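Coordinate-derived values only; no laboratory data. Bear in mind that the values here come from a model prediction, so they are computed numbers and not experimental data. Because the Cβ atoms are built from the backbone with ideal geometry, glycine has one as well, and the counts that use them run over all protein chains shown.
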Amino acid sequence: MSGRRLRITRVTLEQARKLPDMTDWDRFRRLTDADITKAISEDPDTFELTPEMWKHAKLVLPEKKATITMTIDRDVLAFFKKGGRGYQTRINAVLRSFMDAQDRARKPGKRKKAA
């Protein structure tokens with residue numbers, strides 16, 4: 001981003017619907033397949049996916065979380081809630097990191113998630 005700072009702002013769906021449409025629809029409609037193919041080929045972040053790349057791919061579905069009730073110190077909860085939405089996910093990530101560190105300390109290899 002060579003010196004340019006991004007300003008990222010969260011908005012609700014309702015707020016997003018009120019934002020002005022900045023898409024140049026006329027330019028978009030004039031794009032040909034050749035224009036799109038050329039833009040893709042010139043994009044350094046784009047590459048062709050080959051069957052070889054998918055050779056060892058497997059579908060991994062997220063595991064269902066357990067719903068629990070737990071007692072936690074108020075200041076600890078406040079710390080995680082201060083980060084906004086997703087505080088329970090962050091608490092889970094900290095607990096998983098602790099669990100993984102304990103497992104690594106006990107034995108080599110990676111622990112599998114419990115079902």
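Here is the list for region 13-115: chymotrypsin sites (Phe, Trp or Tyr not before Pro) lying in DSSP coil, each with at most 12 other C-beta atoms within 10 angstrom of its C-beta, are 47.
Measuring r between the beta carbons of residue 57 and residue 80 and using R0 = 22 Å, the FRET efficiency lands at 0.05.
Among the GluC sites (Glu not before Pro) within region 1-85, those in coil by DSSP and having at most 16 neighbouring Cβ atoms inside 10 Å are 48, 63. Highest GNM mean-square fluctuation among 46, 67, 12, for the chain modelled with Cα contacts below 10 Å: 12. Evaluated at q = 0.10, 0.13, 0.15, 0.16 Å⁻¹, the base-10 log of the normalised Debye intensity for the chain, with identical point scatterers placed on the Cα atoms, takes the values -0.76, -1.08, -1.14, -1.15. Listed by Cβ neighbour count within 10 Å, with the fewest neighbours leading, 36, 8 appear as 8, 36.
Take a quick pass over the chain and tell me how many lysine pairs come in under 19 angstrom between Cα atoms, counting only ones 8 or more apart or on separate chains. Value for the chain: 7. Between region 83-105 and region 1-44, the alpha-carbon centres lie 35 Å apart.
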